[in-house]
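Inspection log for the structure reproduced underneath, given as structure tokens.
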Amino acid sequence: MRKWTVGAICAALCLGVVLADSTGAFHRVRTQFFGSSGGNANDINRQFCCGGTLGSLVTQGGVQYILSNNHVLARVDKAVAGEDITQPGLIDNGCSVATVVADFSQAVPLGTQNVDAALAQLRTGQMDPGGKILDIGVPCATPGTPRVGLAVAKSGRTTGCQTGTIGSINTNVNVQYQRGCGKGKKFVIGYTNQVVINSTTFSAGGDSGSLIVSGSCSPTGSETNGDNAPIALLFAGSSTSTVGNPIQDVVSALGISFVGTSTCSAPLAAAATVFGREPLQNDLDFATMIKDRHAPDMMRNPEVIGVGVGVTENDPGKVALVVYIDSTRPIQSRVPTEVDGVPVKIVRTDPFVAY
């Protein structure tokens, strides 16, 4: 989650200073489209205000809702039903309430169902009822399945629309949260079977809540791309990687359906073209079994903050265990080069934090 000091934002806005990367400029102003700045109107204290991304439009029982994260809409499990959700968020409006576009409705309690997800009921006329996402268009109504090497895109408050490829799936990760906006006790939640995009540019703080879709960005937000299948819900990251909840887990936890088009092509075939070829499913299944067997022990080492299934550095068809190492900690134990015959690929990064 992106946070700003109250005084700094006011001063910067009064001086007309652009504080963030220009790639997300149109995502931080008032718009009716998703993939834009937003958050809970109560996510503020005397020092900071916070916000994230209003990622996409879904339905539950015939009612339209905005889908984002618990830590964006629900203030880390503290919100009550009916709290105002604004667009843009407090962080992009001088820590003042902008247009109220929705009312907080429900969140999956953190640490209970392996997702960081929440809903806010859309107010009539305040956001696009067709579900268009800035620079992406209308997503597919049918979710896709994460695959190693799959080309993906996301549209978010801070970095705008960015593309990348899935570096690991079925990933166990430890993610750091903070109880309050920019203050309060920090704590860690462990997640399993997450999707990780290994890229230094894919996301940054404030992009939490973005919908990760298959395919690429469209400068016009074209709805004819055909490759916009929902893949994951962005909720955390580091300087090198982005973490998302597999979208089917989010759908199951909240009982939702995506507002989108039913005329999508088969986007998952693109995975083979990104790396030239892709690993065999039998090899992925075997590596996942090995990961499930050994990840708990591996992650008892404090420097190991994630273990997933991906491919080796030099052979995109060869499966590997991807081990994420916290580069800010001293190495206390040696990471093996292979586990039960499966090669190990090491990604050095800093701690995963809720964005």
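The values are calculated or read from the model by the stated rules, or taken from the named source; none is laboratory data. From a predicted model like this one, the values you see are computed outputs, not experimental measurements. All Cβ positions, even for glycine, are placed from backbone atoms using ideal geometry, and neighbour counts span all protein chains on display.
The rows are residues; the columns are (1) surrounded by fewer than 21 Cβ atoms within 10 Å (Cβ to Cβ); (2) closer than 21 Å to His27 by Cβ.
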{"position": "Thr158", "(1), (2)": "no, yes"}
{"position": "Asn170", "(1), (2)": "no, no"}
{"position": "Gln178", "(1), (2)": "yes, no"}
{"position": "Thr192", "(1), (2)": "yes, no"}
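Here is a yes/no grid of residues against (1) modelled with pLDDT of 95 or more; (2) closer than 22 Å to Ala141 by Cβ; (3) surrounded by fewer than 22 Cβ atoms within 10 Å (Cβ to Cβ); (4) outside the structural domain of Val347 (by TED's automatic domain parsing):
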{"residue": "Val243", "(1), (2), (3), (4)": "yes, no, no, yes"}
{"residue": "Ile247", "(1), (2), (3), (4)": "yes, yes, no, yes"}
{"residue": "Ala253", "(1), (2), (3), (4)": "yes, yes, yes, yes"}
{"residue": "Phe258", "(1), (2), (3), (4)": "yes, yes, no, yes"}
{"residue": "Ser262", "(1), (2), (3), (4)": "no, yes, yes, yes"}
{"residue": "Ala270", "(1), (2), (3), (4)": "no, yes, yes, yes"}
{"residue": "Thr288", "(1), (2), (3), (4)": "yes, no, yes, no"}
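Here Gly24 fulfils each of the conditions (1) closer than 24 Å to Cys161 by Cβ; (2) touching a Lys or Arg at 6+ places or on another chain (Cβ under 8 Å); (3) modelled with pLDDT of 95 or more apart from (3). Pairs linking a residue in the stretch 78-94 that is surrounded by fewer than 21 Cβ atoms within 10 Å (Cβ to Cβ) to a residue that is assigned to a strand (DSSP E or B) and of a type in the set (A, V, I, L, M, F, W, C), with Cβ atoms under 6 Å and 6 or more positions apart or on different chains, are Glu83/Phe104; Asp84/Val100.
One line per residue, one yes/no per condition, for (1) touching an Asp or Glu at 6+ places or on another chain (Cβ under 6 Å); (2) assigned by TED's automatic domain parsing to the domain that holds Ala117; (3) buried (at least 18 other Cβ atoms within 10 Å of the Cβ):
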{"residue": "Glu303", "(1), (2), (3)": "yes, no, yes"}
{"residue": "Gly310", "(1), (2), (3)": "no, no, yes"}
{"residue": "Leu321", "(1), (2), (3)": "no, no, yes"}
{"residue": "Arg329", "(1), (2), (3)": "yes, no, no"}
{"residue": "Arg334", "(1), (2), (3)": "no, no, no"}
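Among the candidates Leu110, Leu119, which residue alone is surrounded by 24 or more Cβ atoms within 10 Å (Cβ to Cβ), touching a residue at least 60 places away in the same chain (Cβ under 8 Å) and among the hydrophobic types (A, V, I, L, M, F, W, C)?
Exactly one residue qualifies, and that residue is Leu119.
If you go through the stretch 162-189 and pick out every residue that is touching a residue at least 24 places away in the same chain (Cβ under 8 Å) and either farther than 21 Å from Arg147 by Cβ or assigned by TED's automatic domain parsing to the domain that holds Asp297 (or both), you end up with 11.
Within the set Val76, Val58, Val72, the sole residue that is on the phi > 0 side of the Ramachandran plot, among the hydrophobic types (A, V, I, L, M, F, W, C) and under 17 Å from the mean Cα position of the chain (by Cα) turns out to be Val76. Of everything listed in (1) surrounded by 22 or more Cβ atoms within 10 Å (Cβ to Cβ); (2) touching a Pro at 6+ places or on another chain (Cβ under 8 Å); (3) of a type in the set (A, V, I, L, M, F, W, C), the single unmet condition for Ala98 is (1).
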